[in-house]
Amino acid sequence: MTSRFSLAVALVLGAAGCAGVQQAPSAAPVGTVRFTTQAHFNDCDIVATARPLADAQSVDCGEARSYEDRLKMRACVEAADAAGKPFIAIFHLPGIDSAISQALLRSANGEHLQLWYDSDPSGGNGRFQSRVHRRGCERFVPDPDSEADLRCESQTVGATVCLGTEYALGALQSAAGLLCMPDETYAPGVFDCGSGEDARSPVLPGYKPVPAGTLLVCKANSPQAFTCSSTSEMDDAVGVLTEREPPPVAPKGGP
């Protein structure tokens with residue numbers, strides 16, 4: 001992220017050196033920002049997260065890693081589901097470049113739930129990059145890519161419930177010093193931003209001031225480069241699960 005912003009700065013400053021620096025337009029209202037502060041490290045354990053969610057009378061289909069054991073556990077899930085019984089099953093799946101698992105649960109009232117664990121969504125087994133995601137499912141259906149597995153059929157996005165590295169948020173402040181552009185490597189709502197002297201240079205191609213009414217949550221990649229989220233749904237991309245809105249200011253006491 002830093003390299004892209006720095007390259008854009010170099011190109012614009014080079015052009016400005018030939019043509020002369022234009023005067024910046026008068027300041028317009030801008031949005032606000034909260035930067036991440038202290039990091040907290042969590043042990044995102046899918047078993048410890050899933051077990052408390054199971055009903056006391058649930059059929060325990062267990063945990064499975066091998067293909068054969070996952071086939072047996074799939075049969076257990078399908079039998080319990082067909083009988084209308086609550087159940088819990090934890091599949092440890094073959095990941096490509098990280099460890100992945102899913103827990104499938106049915107509650108006593110028939111609700112289906114999936115928990116999905118990834119040790120490092122960017123690849124690897126870094127414990128502090130892990131996350132657990134939770135979402136409700138309409139049903140569990142056969143996975144077309146693996147006879148031994150089931151998948152969650154759902155129209156919902158769900159939410160991240162555990163991050164290996166989670167950040168607190170600092171105070172609300174003006175985003176006047178930031179220029180941002182959408183980061184296409186993520187879903188809509190994530191931005192690549194720059195600040196400081198770079199942000200006061202002529203406007204960079206694709207980088208724009210933060211619009212008024214927008215609240216960004218930003219994590220530093222370097223002193224002047226940030227990954228930012230503009231929606232609570234994407235705050236986990238910058239390591240934040242807490243409420244993005246600052247707490248209300250307590251009223252002052254009596255005279």
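Could you go through the stretch 153-175 and let me know if any residue there is charged (D, E, K, R) and more than 22 Å from Tyr117 (Cβ to Cβ). Working first, answer last.
At the first step, the residues of the stretch 153-175 found to be charged (D, E, K, R) are 153, 166.
Subsequent filtering for residues that are more than 22 Å from Tyr117 (Cβ to Cβ) retains none.
There is no residue in the stretch 153-175 that is charged (D, E, K, R) and more than 22 Å from Tyr117 (Cβ to Cβ).
Quick one: how many residues across the stretch 32-47 are under 20 Å from Ser229 (Cβ atoms), surrounded by 16 or more Cβ atoms within 10 Å (Cβ to Cβ) and in contact with a Ser or Thr (Cβ under 8 Å, 6 or more places away or on another chain)? Before the answer, list the steps.
As a first pass, look at the stretch 32-47 and keep what is under 20 Å from Ser229 (Cβ atoms): 32-40, 42, 44.
So of that shortlist, the ones also surrounded by 16 or more Cβ atoms within 10 Å (Cβ to Cβ) come out as 32-36, 42, 44.
Now restrict to residues that are in contact with a Ser or Thr (Cβ under 8 Å, 6 or more places away or on another chain): 32-33, 42, 44.
Final tally of qualifying residues: 4.
Any idea how many residues of the stretch 52-75 are within 30 Å of the chain's Cα centre (by Cα) and of a type in the set (A, V, I, L, M, F, W, C)?
5
Looking at (1) modelled with pLDDT of 95 or more; (2) closer than 24 Å to Thr37 by Cα; (3) among the aromatic types (Phe, Trp, Tyr), which is the one condition that is false for Trp116?
(2)
Would you check which residues across the stretch 34-87 are aromatic (Phe, Trp, Tyr) and without any contact (Cβ under 8 Å) to a residue 40 or more places away in the chain and list them? Can you show your working first?
From the stretch 34-87, those aromatic (Phe, Trp, Tyr) are 35, 41, 67, 87; that's our starting set.
Listed by number, the list holds a single entry, Phe87.
Restrict the check to the stretch 88-107 and report whether at least one residue is surrounded by 14 or more Cβ atoms within 10 Å (Cβ to Cβ) and in contact (Cβ under 8 Å) with a residue 60 or more places away in the chain. Walk me through how you get there before you give the answer.
Our first condition is that a residue be surrounded by 14 or more Cβ atoms within 10 Å (Cβ to Cβ); within the stretch 88-107, this holds for 88-93, 95, 98-107.
Of the ones still in play, those that are also in contact (Cβ under 8 Å) with a residue 60 or more places away in the chain are none.
No, because not a single residue in the stretch 88-107 is surrounded by 14 or more Cβ atoms within 10 Å (Cβ to Cβ) and in contact (Cβ under 8 Å) with a residue 60 or more places away in the chain.
Filter the stretch 48-85 for residues that are of a type in the set (Asp, Glu) and exposed (fewer than 15 other Cβ atoms within 10 Å of the Cβ); which is farthest from His112 (Cα to Cα)? Before you say what the answer is, go through the steps one by one.
So in the stretch 48-85, the residues of a type in the set (Asp, Glu) come out as 55, 60, 63, 68-69, 78, 81.
Narrowing further to those that are exposed (fewer than 15 other Cβ atoms within 10 Å of the Cβ): 60, 68.
Details: Asp60: 15, Glu68: 24 Å.
Here the residue is Glu68.
The values are calculated or read from the model by the stated rules, or taken from the named source; none is laboratory data. Values in this document were obtained by computation on a predicted structure and should not be read as measured data. Here Cβ is always computed from backbone atoms with ideal geometry, including for glycine, and neighbour counts include all displayed protein chains.
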